[in-house]
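**Q** Structure provided below as structure tokens; questions to follow.
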Amino acid sequence: MKIVHTSDWQIGRTFSFVDDEALGALQAERLNVIGRIGALARQEGATHVLVAGDVYEHETPSERTLRQPMERMRQFADITWHLIPGNHDAHTPQGVWTRLLRDNAVPDNVKLHLSPAPVALDAGGQAWLLPAVLQRRHTLSDLTAYMNDAPTPEGALRIGVAHGSVVGFGNEDEAQHNPIAIDRAEQAGLAYLALGDWHGFRQINARTVYAGTPEVDRFGTGGAGGGECVVAAFDGPTSPPRLSTHRTGRFIWRKLENVVLTSGADIEALESRVRAIAPEQPETILAWLEVSGMLGVEDLAFYESLIERRLRSALTCLRLSGAPGLAAGVDDLDMLGAFGPVREAASALLAQVEAGGAEAVVAQEALQRLFLLWGDVRRAQP
């Protein structure tokens, strides 16, 4: 028997640091990945997909957002999708799961597990699913504890699915909410415990695994970084499962720290470094650059042209922290002409920069913008 394990789809998630176009692309891909998960299940011969919580980002999604993942799963009628609530979409009285059932929006091949009780996965009763069910965002009790005594036929395969934080695995602060015993699989005789909440793949032990989100959703993610699903193959009820991870994510998130720019060559190298993340598909890249350094007037204009404009247009998202400063001197004023108000303004700003003090930083930024605007005007002239 094989299953596909995934979690934390968080349909409807927003990203405050991207523009509207990028936001639409990211949200669409969180739906499109469902098709890739279904295709993976077919490819691997798995007839069951376990979604370990947080199918939705919010407890009150719009009608369209509520139904969209259901319609994507409906397209894979030969696969049974098993869903449990997570901390983002807990099973509250008027929450998403109640709305789905009330509106008859759940396809026949999608099973909502809203009660903590064993459910047969096959007609012969040889495999059973034991779901843990969050009925509020946070709980201080271990909702997997019931699995220890949950009855299933002797010799049956027992698979648990839960959403929470494993206690004693380096995340003690998070484990105060929705805790899960690190040895639950052993205590409850589980062949496998499929977990959600951690957004990157993480294997706790031979039988306890976080699958991570199938589309990466942040620049810093624990484990393998997300964008994957897990396929678990079972040879019997007591044998450890054979696990394999499979990439399902389309977007690539990268953070480049301590990028120091001092020359045009550094700027070209930075662009090449970012494009090398996905040379043939730069539109799949989300890059966060921490930039510093000092550039001359011409190189600063080159940075704005190559990085701020060209590279930004190639990527789904270019997020910049910091910026190179302007290393301008008296000689650089000559490009503004020998006389005139622009030259006079630049001279005054440069004098403030060189004098230091509280106004020097503001003067530096103003001088930088003045040179860049002058360069734009000059390039626009026939």
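The values are calculated or read from the model by the stated rules, or taken from the named source; none is laboratory data. These numbers were taken from a predicted model, which means no experiment stands behind them. In case anyone asks, the SASA skips ligands and DNA or RNA and just uses the protein heavy atoms, side chains included. Shrake-Rupley method; radii C 1.70, N 1.55, O 1.52, S 1.80 Å.
**Q** What does the accessible area per residue of the range 164-317 come to in Å², with a 1.4 Å probe and no ligands, DNA or RNA counted?
**A** Here the residues of the range 164-317 average 42 Å² of exposed surface.
**Q** Hey, can you grab everything whose amide H is under 5 Å from the amide H of H91? Only 5+ residues off in sequence or another chain; H modelled, so Pro and N-termini drop out.
**A** Here L134, Q135, R136 satisfy the definition.
**Q** Another question, then. How big is the gap, in Å, between the Cα center of the range 190-216 and the Cα center of the range 2-72?
**A** 17
**Q** Each residue of the range 34-51 in turn: what ³J(HN,Hα) in whole Hz from Karplus with 6.51, -1.76, 1.60 and θ = phi - 60°, glycine and Pro shown as x?
**A** 4, x, 5, 5, x, 5, 4, 4, 4, 4, 8, x, 9, 9, 10, 10, 9, 10
**Q** What value in Å³ per residue do you get for the convex hull of the alpha-carbon atoms in the range 40-120?
**A** 101
**Q** Would you mind checking the radius of gyration and Dmax of the range 126-251 based on alpha-carbon positions, in Å?
**A** 14.5, 45
**Q** Shifting gears a bit: Which shape class, rounded, prolate or oblate, goes with the range 87-197 when its Cα gyration tensor gives a ≥ b ≥ c as root eigenvalues, a/c under 1.5 marks rounded, and past that a/b bigger than b/c marks prolate?
**A** oblate
**Q** In addition: Through the Karplus equation 6.51 cos²θ - 1.76 cosθ + 1.60, θ set to phi - 60°, convert the phi angles of the range 72-89 into ³J(HN,Hα) values in whole Hz; use x for Gly and Pro.
**A** These are the phi-based 3J(HN,Hα) values: 5, 6, 4, 5, 10, 5, 7, 10, 9, 9, 10, 10, 10, x, x, 6, 7, 9 Hz.
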